[in-house]
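I have placed the structure first, in the form of structure tokens, so that the comments after it can refer back to it.
The values are calculated or read from the model by the stated rules, or taken from the named source; none is laboratory data. In this text, all values refer to a predicted model and were calculated from it rather than measured experimentally. Ideal geometry is used to build each Cβ from the backbone, glycine not excepted, and the neighbour counts take in all protein chains shown.
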Amino acid sequence: MTKSRTQSITQDGMPVFKPAIDQQELDAAREALELGWLGMGAYVGAFEQKLETLLGVSDRRVVAVSTGHAALHLGLLLAGVGPGDEVITPSFNNAADFQAILATGAEPVFCDIDDDSLCIDLASAERLVSPRTKVVIAMDYDCILCDHDGVAEFARAHRLRVIHDAAHSFGSKYKGKMVGSFSDMTMFSFDPVKTVTCIDGGALVVQTAEEVSRLHEMRLIGMMQPAKVMYSNARAWTYDMRTLGFRYHMPNLHAAIGLAQLAKIDAIIQTRRASCRYYNHHLGQIPEIAVPKTDFEDITPFLYYVRVPADRRDAFRHFLGEQGIDTGIHWQPGHWFTLLKNCRRDDLPVTERVGHEIVSLPLHSFMSMEMHERVVDGVTAFFLRNR
């Protein structure tokens, strides 16, 4: 028996994340399994083409891979990042970005974030540029996009490549342009909790045929298997191998589910915007918390966050948990991790503050009004009780 869109995954609780899985995804999975070609095949090619159509690009190509982390790692390698190089990234970023940098042998260098957008602070990044700097990572956080015009200008001034981490912003627009249609390289994630899921998956959007060719080799453990052969559910039995590669390709099953998700992307976007606007309207009236500073126009929200007083965050999360409302923390700053505590960094006052204040609330596609009200009532009750 399948669950309805509005039914919680757990018996009593409301999770932070809930994928929008319906009969379409179940049918797509069954058809892909019945096809019997479980590796990279025709569904992957169709998924890439559908992404290119949605992005409206003619000067860029999409290459699907196994995860967002894989896309980040391959993007850094395409940019020539290696041992001895540095990559500037906000410390307030996902662990996948840090690990992808380390996987190349390079070093993360941590800049601060803007207090309003929670995206990269370019003035902070400017103070960190060195002769070893090769790439800057510009990530969009939750439901706000970073200053991409400023990022492009910054990169040109310092002759850097840009990796746009759009794991949170698939389907959003920046000044009328689809995210993925304007950056140097753009990474998408389609992991289990993302707005659009492939179970697990990622994609890298690049500009040149040479980069596409290199990605095709690197994602398939270095094998020069022609994509047009693989996309016909076949493979070549003789091939060359001329570069280091990884098992980063996307399976047919995952792409089939992704295609089913993309078929309802417009409804997903509209319902998530409506949920966030409801939250902002009601939670924005609570003086003790800060809500995202956006009207969500042209935004496809991935998460919804609030910032609460640091000394009350644990009690706040515990209180909501007792009401069956799950919460999350996205994220712990990178320089807090043992692995990364000695990385070079700027002063990070905003990152330090936000790292102790941030709380993610439940946001699903097709949330019911009952769910919205339950979350708002729970948040309101905590602050009324604790004034």
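Brief remarks on what is shown
- When the residues of segment 367-387 are filtered to those that are basic (Lys, Arg) and in a helix (DSSP H, G or I), the one that is farthest from GLU288 (Cα to Cα) is ARG374.
- Residue check for GLU153: assigned to a helix (DSSP H, G or I), in the same structural domain as ASP97 (by TED's automatic domain parsing), charged (D, E, K, R) and in contact (Cβ under 8 Å) with a residue 24 or more places away in the chain: no
- Condition check for ASP295: of a type outside the set (A, V, I, L, M), without any contact (Cβ under 8 Å) to a residue 24 or more places away in the chain and not in a loop (DSSP other than H, G, I, E, B): no
- Test result for HIS318, assigned to a helix (DSSP H, G or I) and within 22 Å of the chain's Cα centre (by Cα): no
- From the options HIS330, HIS364, residue that is assigned to a loop (DSSP other than H, G, I, E, B) and crowded, with 21+ Cβ neighbours inside 10 Å: HIS364
- Conditions (1) free of Cβ contacts under 8 Å to residues at least 60 places away in the same chain; (2) more than 20 Å from ALA96 (Cβ to Cβ): number failed by PRO349: (1)
- Checked against (1) buried (at least 20 other Cβ atoms within 10 Å of the Cβ); (2) of a type outside the set (Lys, Arg); (3) in contact with a Ser or Thr (Cβ under 7 Å, 6 or more places away or on another chain), ASN252 meets all criteria but (3).
- Residue check, THR294 touching a helix residue (DSSP H, G or I) at 6+ places or on another chain (Cβ under 6 Å) and buried (at least 18 other Cβ atoms within 10 Å of the Cβ): no
- Criterion applied to GLY324, GLY334 was being of a type outside the set (S, T, N, Q), within 24 Å of the chain's Cα centre (by Cα) and outside the structural domain of ASP85 (by TED's automatic domain parsing), and the one residue passing it is GLY334.
- Put simply, of LEU128, LEU76, LEU102 the only residue that is surrounded by 21 or more Cβ atoms within 10 Å (Cβ to Cβ) and either at negative phi or touching a Ser or Thr at 6+ places or on another chain (Cβ under 8 Å) (or both) is LEU76.
- Residue check for ALA28: at pLDDT 95 or above, closer than 29 Å to THR89 by Cα, surrounded by 14 or more Cβ atoms within 10 Å (Cβ to Cβ) and of a type in the set (A, V, I, L, M, F, W, C): no
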